[in-house]
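Scroll down for the structure; my scribbles are underneath it.
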Amino acid sequence: MTSLLRLRGLTKTVGSGRAARRVLDDVDFELGAGELCAVVGPSGSGKSTLLHLAGGLDESDAGDVSVAGQRLGGRSDPALARLRAQHVGFVFQAFHLVAELSGEENVRLAARFGVPGAARRVAALIDAMDLRGVAGTRPAQLSGGEQQRFAVARALVNDPELVLADEPTGNLDAAAGAVVLDLLRAATDAGRGVLVVTHDPAVTARADRVLTLRDGRLS
Amino acid sequence: MRGRRDRVLVAAALTAAAGLAVGVAGSVGFALATGYDRAAQRSDQPDLLARFAPGRLSALDARLRRLPNVERIVYRLEVNRIALAANGRSRRNGAVHVVRPGRRGYAIVAGRDLGERPGEALVERGVAREWGLEPGDRIDARGLGRLRVAGIALSVDNVAFPLATVPRIYVAQAEIDRRFGADPDPGANLALVWLADPDRLDITLAAARPAAFGLRTEQLLTRRGVQQVIDQAAGIVIALLAVFALVASACAGAMLAAAAGADVRRRAPVLGLQRALGATRRQVIAEQLLDVAVVAAPAAALGLGVGAFAAAAPTSALLGYLNEVGPGLALLGPLAAAFAGLVAVVVAGAAWPAWQLTRRPVTSLLRGGDLPPAPARRRTGGRASSTGLLMLGARFALARRGRWLASVGVLAVATAAVLLILAVADLLVSLRDDPGTLGRRYALTVPGTARDAAAVARVPGVAAAAQRSTIEAADSFSLTQPLRVVAYPADHVAFEAAPLATGRRLRTAREVEVGLGLADALGLRPGSLLAIQSATGRELRFRVAGVVRALENDGRIVYARTAPLLRDDPSLGGPIAVRLERGADRGEVTRRLARAGFVGTPTGAATLSSRSFLAVLATVLRTVALAIGLVCLAAVLQTLGLTTRDRRRSLAVLRASGARPRHLGALLAGAAGAILLPALVAAVMLQRFVLGPIVAGLTADYATLPLGVRALDGLVAGGGLAFVGMVAVVLATRSSIHQPIAAELQRDA
């Protein structure tokens, strides 16, 4: 199996002084192509931290991270950004669409940072997610499900190998959540690796692998 | 923690920048506004100073001691056209004041006063500065030989050398007696009069004319008249400095208040938590204000101190030219007031939103102050519109309309002020170098008599030559109104032609043209009678033919024919004004004149002596402009900082999606452009239609100033704003990319 994400000896402490807490303690993990892996655990267990480290949004205290065979450690900020643009897509619980832009403009904005030709995929993604009718609408006028679908489209516009989703169904009703889950499942069918942090049983039910993060350990 | 530190630093920098601007403009303005009074007090300036034709002291005293309201009179002998030389510098038109025991009418600023030691002199402060003289140095005076400089004196009866063209020294009567023998009734031509009640000067003046009957009164100068002369020397530029001080203060105040308010709004959840824990509104507000004041106070003090320090040297030079005295420790009072004002503005800017926020329900505060999306004014359907990063940044900046308007307003006013400064600086350069600014058409002067004019006119390249005579006189009915008479044998328009405001050009020897400044002061209009008391003490009467817009002497000028002045004083002379033929090279004509035996002097609009003064004024203006430029930088930085703060999550998502620093820079450049471009346009309009006309109105008494916006000045201002924007974008981008993406994603907006 091709390893799209590899974590080795990953350690991270949050807080300082007496409030310091080791949320990741020597974590090893691999995610292969075509695999949807769910990470569950109590609130504050470090699930989101794990996701952020995997995507190069934060720095670990120890260990290393490789995405699509490329190590993240030691890279400059612009180099990390380029790597994210080309290999990683993010989906957030709160969608995080830019309020002043329409749904389609949000997707097109992410395409500016990626590989040449990414902009041509915007229309196809919009159509594939059945968002053509609301493509020109701003997020404030969209439903939660529509916003999250635009967010998924944004995550996929640069055709990344790896998708990292932080509670993607957390703010959605069951029906909307199911649609989003279908999209993430379809992404793995296309050969991508999807790592999902979730509390949603519907997600864990459709995951290829479910891991629990507790006391800094992934099992 | 880093984010909080950055915000504190930005707030402190903003306050310090405001303090700098206020410190520069305020210290300059205060020093100039109070300099004369300090100098007059320090130098024990007499209330009245009268110059007469030389005579016996006893004769003078017999007339003047009968004047009412007089406390003390001291007499001096002023000897003119004495060659003075020191340290390789010299002037042939120096003046020596022979000082008798009693009140001095000057202050010793270095060294000591004249005493019993022989061979000593005091040197006027302007001369000492220009010629590099200190106590103990030597100065040569024709007729007196080499004298030792005992001290340096400050006297406020005129502006300082070289602005006043006559260098002056003081020697004791005892020195003259030693050299030439004691005279029981020495000569005197200068009376320094101190009044018992200065507020009743008019009584003394009214008695002065009949008392001086039979004496040739050359000049009668009151303290107020001296102040007018000195104030005129600085002209409109000093008034403009006060305007700029107000502009800088207003801009700084607006930005500080906006920044303080924004910071309070951002801390809404903290305020909510405090309220939830039981703190009263007053306690919450007081803590906010204390937080703000703790940052603002040292920053304001630093900015004010640096501003006052930066302005100290050019202000001191300016005061030196005006024979005025710096404020010294007296500046602490206004600086303290400015400090209190700045801190008060910051605190007030935080107090109002804090008051508003604490009125909201606690739960509302705890949810935080998310930036609501701008209301969708129309649904954009169908095709997606272009979403360049620049445009996105502009949209971010425009999302907060109130803040955008405030930022554009502050920048527009500040930039308009800078445009005005550039226009005035251009004018100063013109005054220094281009005689045409004053309406002068002659390019050279050569010393000579009226008979020499014909020979000068025959030199190739010379279009015309005529003797230009000037006398300093006073209005006969108001002796405190000094004026300058410029006379030519025939039509003066060929040599200088200030634009006509009303009436017509003079045609006969009984007519004159008067400057607007004088016309306003004396209520003159075409057809009015002008009575002048000349140097001989006689009264000359003219009919006003026209009123002209003249800058020279701040418009207190009279153009006349030479004939009546010659009848009054046959010894009247003056240099020969030389007008060049079109296309003639001034340097070449000067060489031809030299071969013909005439030494030509180039004509600037300013005299040689005032060019350095104009340079000092330009330095002061540039210092104020720089301070205003820093205010602009702080304004743009503040706006970008607030924008990135509002949009931190959006920016974090962009970075997570692969946006590099240059992408963020482009976005912030769009935000900066959304403020700077409209600000530049508004600034040009403001300067063209508001500030420029206001300032031109200030000088309308003197001249029509060309205060429009030149293309070059607009480019300079635009370039300056672009530079400011670029620096702000770079700093804001660097600050933004240093924020951890993960942390930013989890923050509230």
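If you check B:L405 against the conditions, is it surrounded by 17 or more Cβ atoms within 10 Å (Cβ to Cβ), modelled with pLDDT of 80 or more and more than 14 Å from every other protein chain (Cβ to nearest Cβ)?
When the stated conditions are applied, B:L405 does not pass them.
Do the conditions hold for B:R129, that is, is it closer than 19 Å to B:E78 by Cα and open to solvent by 60 Å² or more (accessible area, probe 1.4 Å)?
So B:R129 fails the test.
So which residues in segment B:321-335 are open to solvent by less than 50 Å² (accessible area, probe 1.4 Å) and without any contact (Cβ under 8 Å) to a residue 24 or more places away in the chain?
B:G333
Starting from segment B:183-195, keep only residues that are within 12 Å of B:R103 (Cβ to Cβ) and in a strand (DSSP E or B), then list their pairs with residues that are open to solvent by less than 10 Å² (accessible area, probe 1.4 Å) and polar (S, T, N, Q) whose Cβ atoms are within a distance under 8 Å, requiring at least 6 positions of separation or different chains.
Within 8 Å, the pairs are B:V193/B:T204.
Which one of these is within 30 Å of A:D215 (Cα to Cα) and modelled with pLDDT under 95: A:L51, A:L109?
After applying the criteria, what remains is A:L51.
For residues that are under 30 Å from B:V74 (Cα atoms) and either surrounded by 23 or more Cβ atoms within 10 Å (Cβ to Cβ) or modelled with pLDDT of 80 or more (or both), tally how many sit in segment B:8-50.
Counting residues in segment B:8-50 that are under 30 Å from B:V74 (Cα atoms) and either surrounded by 23 or more Cβ atoms within 10 Å (Cβ to Cβ) or modelled with pLDDT of 80 or more (or both) gives 18.
Looking at (1) surrounded by fewer than 21 Cβ atoms within 10 Å (Cβ to Cβ); (2) part of a loop (DSSP other than H, G, I, E, B); (3) more than 8 Å from chain B (Cβ to nearest Cβ), which is the one condition that is false for A:G136?
Just one mismatch for A:G136, condition (3).
So B:L691 clears everything in (1) modelled with pLDDT of 80 or more; (2) in contact with a helix residue (DSSP H, G or I) (Cβ under 7 Å, 6 or more places away or on another chain); (3) closer than 12 Å to B:L420 by Cβ except one condition, right? Which one?
Only one criterion in (1) modelled with pLDDT of 80 or more; (2) in contact with a helix residue (DSSP H, G or I) (Cβ under 7 Å, 6 or more places away or on another chain); (3) closer than 12 Å to B:L420 by Cβ is unmet by B:L691, namely (1).
In segment B:544-572, what residues are among the basic types (K, R) and either outside any loop (DSSP other than H, G, I, E, B) or surrounded by fewer than 22 Cβ atoms within 10 Å (Cβ to Cβ) (or both)?
Listed by number, the residues that qualify are B:R549, B:R561, B:R567.
Consider A:A186 carefully, then state whether it is assigned to a helix (DSSP H, G or I), within 21 Å of A:A110 (Cβ to Cβ) and away from chain B (no Cβ under 14 Å).
So A:A186 passes the test.
Scanning for something of a type in the set (D, E, K, R), in contact with a helix residue (DSSP H, G or I) (Cβ under 6 Å, 6 or more places away or on another chain) and open to solvent by 30 Å² or more (accessible area, probe 1.4 Å), does segment B:134-150 turn up at least one residue?
no
Quick check on B:A666: is it under 16 Å from B:L389 (Cβ atoms), of a type in the set (G, A, S), within 14 Å of another protein chain (Cβ to nearest Cβ) and part of a helix (DSSP H, G or I)?
yes
Of the conditions (1) crowded, with 17+ Cβ neighbours inside 10 Å; (2) at pLDDT below 85, B:R5 satisfies every one except a single condition; which number is it?
Just one mismatch for B:R5, condition (1).
Looking at A:D130, A:D159, which one is acidic (D, E), within 13 Å of chain B (Cβ to nearest Cβ), open to solvent by 40 Å² or more (accessible area, probe 1.4 Å) and in a loop (DSSP other than H, G, I, E, B)?
Of A:D130, A:D159, the one residue that is acidic (D, E), within 13 Å of chain B (Cβ to nearest Cβ), open to solvent by 40 Å² or more (accessible area, probe 1.4 Å) and in a loop (DSSP other than H, G, I, E, B) is A:D159.
Are there any strands (runs of 3 or more DSSP E) wholly within segment B:460-543 with 2 or more residues that are open to solvent by 60 Å² or more (accessible area, probe 1.4 Å), in contact with a strand residue (DSSP E or B) (Cβ under 7 Å, 6 or more places away or on another chain) and more than 24 Å from B:V446 (Cα to Cα), and if so which?
In segment B:460-543, the matching strands (runs of 3 or more DSSP E) lie at B:500-503.
Quick check on my filter: what residues within segment B:45-60 are in a strand (DSSP E or B) and over 20 Å from B:I203 (Cβ atoms)?
Residues satisfying the conditions are B:R51, B:F52, B:A53, B:P54, B:G55, B:R56.
Can you tell which of A:D200, A:D173, A:D182 is without any contact (Cβ under 8 Å) to a residue 40 or more places away in the chain, open to solvent by 20 Å² or more (accessible area, probe 1.4 Å), charged (D, E, K, R) and farther than 29 Å from A:L7 by Cα?
After applying the criteria, what remains is A:D173.
Can you tell me which residues in segment B:575-594 are under 19 Å from B:R468 (Cβ atoms) and either assigned to a helix (DSSP H, G or I) or not hydrophobic (A, V, I, L, M, F, W, C) (or both)?
B:P575, B:R579, B:E581, B:R586, B:V589, B:T590, B:L593
Being open to solvent by less than 30 Å² (accessible area, probe 1.4 Å), at pLDDT 95 or above, of a type in the set (A, V, I, L, M) and within 27 Å of B:A182 (Cα to Cα), is that true of even one residue in segment B:60-67?
Taking every residue of segment B:60-67 in turn, none turns out to be open to solvent by less than 30 Å² (accessible area, probe 1.4 Å), at pLDDT 95 or above, of a type in the set (A, V, I, L, M) and within 27 Å of B:A182 (Cα to Cα).
Considering only residues that are surrounded by 24 or more Cβ atoms within 10 Å (Cβ to Cβ) and away from chain A (no Cβ under 14 Å), look in segment B:670-684 and name the one that is farthest from the chain's Cα centre (by Cα).
This residue is B:A672.
Is there any pair linking a residue in segment A:116-133 that is more than 15 Å from A:Q148 (Cβ to Cβ) to one that is in a helix (DSSP H, G or I), with Cβ under 6 Å and at least six apart or on different chains, and which?
Note: pairs meeting the criteria are A:A118/A:A111; A:A119/A:A111; A:V122/A:V107; A:V122/A:R108; A:V122/A:A111; A:R132/A:I126.
Would you check if B:G629 is closer than 19 Å to B:G725 by Cβ, surrounded by fewer than 24 Cβ atoms within 10 Å (Cβ to Cβ), in contact with a Leu (Cβ under 8 Å, 6 or more places away or on another chain) and more than 14 Å from every other protein chain (Cβ to nearest Cβ)?
no
The values are calculated or read from the model by the stated rules, or taken from the named source; none is laboratory data. Note that this is a predicted model, so its numbers are computed, not measured. Because the Cβ atoms are built from the backbone with ideal geometry, glycine has one as well, and the counts that use them run over all protein chains shown. Heavy atoms of the whole protein, side chains included, go into the accessibility calculation; ligands, DNA and RNA do not. Shrake-Rupley method; radii C 1.70, N 1.55, O 1.52, S 1.80 Å.
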